[in-house]
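Worksheet for the structure shown next.
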């Protein structure tokens, strides 16, 4: 593996972690499905224009459909947080994603997961629990069967989406594939917005900055890196990097929102890092 490729997971984790910060800024000014519909539509337009300018080969219809299916996964998390589910609890449930992805990869892709990888996945999840445990005490009225189910569905969806990407949509160009993913995501979010929301969208400086960051850095930059990792790596190894996201998010929230970190939480970060190293060891 060349040096630039070795840096891809670290860059991806940092970029993905900033998504929670952007969501916190954006949610007071727009409803979740409406916000995501606009975000995915903007990402689709930018990627489609880039694809045309670079003269990239378009996907055939079959791969385009697979790309659209792989692109639908974020609505549940945004909806649950907008309904009061604490971000810490949402992130803890999201910590199940590497385990779910690994189970699906073993059963659907036939990938063999070694005992050391399972041990790394378990250690990583334990580290996530330790990092997020202080935030669970803030749980309040937002913890309902509906919000918990929404996050579980979203976590399962992103796991299934990564498997779908690996199994069906990874053979085409990355730009064209991401373009069709956002077309599918924008369509589904628009339908959910029309069915369940008033489509409130208040333009403020915070919303514009959050939208620009989430479109350019997350929807294009981070997702492009994720697709590279999915194409080139085993799913259990790729999924394990998500264990580092809560720890990096906590570090970013420290100076931005004044959230403190205890020694126990720092120990949890170290345990999560060890778990990822164990799960990704070749």
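Any read-out appearing in this document is the output of simple, stated calculations on the displayed coordinates, not a laboratory observation. From a predicted model like this one, the values you see are computed outputs, not experimental measurements. Ideal geometry is used to build each Cβ from the backbone, glycine not excepted, and the neighbour counts take in all protein chains shown.
Most tightly packed first, judged by the mean number of other beta-carbon atoms within 10 Å of their residues, the peptides 25-31, 6-12 read 25-31, 6-12.
Ranked by the mean number of other Cβ atoms within 10 Å of their residues, highest first, the peptides 240-249, 262-271 come out as 240-249, 262-271.
With the highest mean first, a sort of the peptides 197-206, 144-153 on other beta-carbon atoms found within 10 angstrom per residue produces 144-153, 197-206.
Provide the gained length on full extension for the span residue 108 to residue 206, in nm with one decimal, where the gain is 0.36 nm per separating residue minus the Cα-Cα distance.
Taking residue 108 through residue 206 to full extension adds about 31.1 nm, to one decimal.
Modelled this way, with points 7 Å down the Cα-to-C-beta line, the labels at residue 7 and residue 52 are 3.3 nm from one another.
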